[in-house]
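Everything below concerns the one structure shown next.
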């Protein structure tokens with residue numbers, strides 16, 4: 001499927017991978033905190049891995065480590081480079097193998113889907129079963145958090161983003177938000193342009209009418225309307241989507257946008273992963289502060305997957 005119809009921007013591709021991982025790792029520092037608690041622990045704001053408080057939740061990770069968000073993105077990326085395209089059964093197998101290693105931080109919805117005995121054979125059916133059992137109310141952010149790499153595909157991004165989302169998340173809000181983030185990354189990486197709000201609204205309407213209000217909230221001057229630290233809704237897929245969109249429409253730099261998100265608290269590692277991937281796609285790897293790259297504990301893993309990714313795009317020079 002990797003024809004030479006379009007040429008990928010290598011710096012922006014690297015920005016997507018590193019932006020996601022950095023947003024995830026830094027966001028862990030404020031995950032599940034209210035904004036008031038963020039202010040208490042980080043009076044001048046969280047802006048570096050070294051500051052991350054080592055409480056009961058965060059002590060499980062070394063400072064500079066990403067969480068399940070980026071782990072699952074890498075499950076997708078590994079499958080794409082292995083198959084030189086999208087192979088849904090192989091991705092489902094990657095998810096299951098990752099799950100069997102007892103990863104930290106896995107979301108409740110994703111856990112319920114992946115623990116089903118026949119998940120690998122029938123992943124989308126398993127996801128729909130769990131969604132139906134929730135009364136069709138479960139619209140968690142476990143798919144949108146990992147979708148950034150789908151936007152790097154050359155073709156059929158909307159179809160692939162929807163199909164990959166449905167490997168674990170059947171709710172149309174999850175599908176629509178994953179498509180929107182993937183489409184925006186694709187546009188930034190291949191065309192170096194932001195998709196206009198009207199285009200995103202049209203995409204959202206194809207999936208669920210509840211998406212549009214969050215797209216409009218992303219246009220507001222501040223993040224206040226998103227209530228990212230609200231305990232009852234902090235894991236909502238549309239909040240993660242809107243937080244990421246807010247950054248690319250308002251922030252003047254990678255750092256400015258990411259710090260705005262992580263210092264809001266809430267599900268900050270996921271919000272940071274989505275925002276970081278978009279900011280990386282907008283500004284590129286070279287615009288990311290070096291300390292954020294160097295401070296990642298598993299950055300060599302990212303470089304390896306990037307090198308493999310570039311080879312399937314017929315780039316063989318060093319990254």
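The values are calculated or read from the model by the stated rules, or taken from the named source; none is laboratory data. A quick note: this is a predicted structure, and the numbers were derived from the prediction, not measured. When we count neighbours, we look across all protein chains shown, and the Cβ atoms used for this are built from the backbone with ideal geometry, even at glycine.
Any residue in the range 232-254 that is assigned to a helix (DSSP H, G or I), without any contact (Cβ under 8 Å) to a residue 24 or more places away in the chain and either within 22 Å of residue 12 (Cβ to Cβ) or out of contact with any strand residue (DSSP E or B) (no Cβ under 6 Å at 6 or more places or on another chain) (or both)?
no
I'm told residue 16 meets every condition in (1) surrounded by fewer than 18 Cβ atoms within 10 Å (Cβ to Cβ); (2) under 20 Å from residue 165 (Cβ atoms); (3) touching a helix residue (DSSP H, G or I) at 6+ places or on another chain (Cβ under 9 Å) except one. Can you identify the failing condition by its number?
(1)
Looking at the range 105-125, which of the residues that are assigned to a helix (DSSP H, G or I), out of contact with any strand residue (DSSP E or B) (no Cβ under 8 Å at 6 or more places or on another chain) and free of Cβ contacts under 8 Å to residues at least 40 places away in the same chain is surrounded by the most Cβ atoms within 10 Å (Cβ to Cβ)?
Among those that are assigned to a helix (DSSP H, G or I), out of contact with any strand residue (DSSP E or B) (no Cβ under 8 Å at 6 or more places or on another chain) and free of Cβ contacts under 8 Å to residues at least 40 places away in the same chain, it is 112.
Provide a single number: the residues in the range 60-104 that are without any contact (Cβ under 8 Å) to a residue 24 or more places away in the chain and either under 13 Å from residue 164 (Cβ atoms) or part of a helix (DSSP H, G or I) (or both).
8
Okay, residues lined up against (1) surrounded by 18 or more Cβ atoms within 10 Å (Cβ to Cβ); (2) within 14 Å of the chain's Cα centre (by Cα); (3) closer than 29 Å to residue 265 by Cα; (4) modelled with pLDDT of 95 or more:
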{"position": "7", "(1), (2), (3), (4)": "no, no, no, no"}
{"position": "21", "(1), (2), (3), (4)": "yes, yes, yes, yes"}
{"position": "46", "(1), (2), (3), (4)": "yes, no, yes, yes"}
{"position": "64", "(1), (2), (3), (4)": "yes, no, yes, yes"}
{"position": "70", "(1), (2), (3), (4)": "yes, yes, yes, yes"}
{"position": "92", "(1), (2), (3), (4)": "yes, no, no, yes"}
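Could you list all residues from the range 132-151 that are in a helix (DSSP H, G or I) and surrounded by 24 or more Cβ atoms within 10 Å (Cβ to Cβ)?
Once the filter is applied, which keeps residues that are in a helix (DSSP H, G or I) and surrounded by 24 or more Cβ atoms within 10 Å (Cβ to Cβ), the range 132-151 yields 144, 145, 146, 147, 148, 149, 150, 151.
Scan 269, 300, 286 and give me the residue that is touching a helix residue (DSSP H, G or I) at 6+ places or on another chain (Cβ under 8 Å) and under 17 Å from residue 64 (Cα atoms).
269
Please specify each residue of the range 149-160 satisfying the condition of being in contact with a helix residue (DSSP H, G or I) (Cβ under 8 Å, 6 or more places away or on another chain) and farther than 16 Å from residue 10 by Cβ.
Answer for the range 149-160, where residues must be in contact with a helix residue (DSSP H, G or I) (Cβ under 8 Å, 6 or more places away or on another chain) and farther than 16 Å from residue 10 by Cβ: 150, 157, 158, 160.
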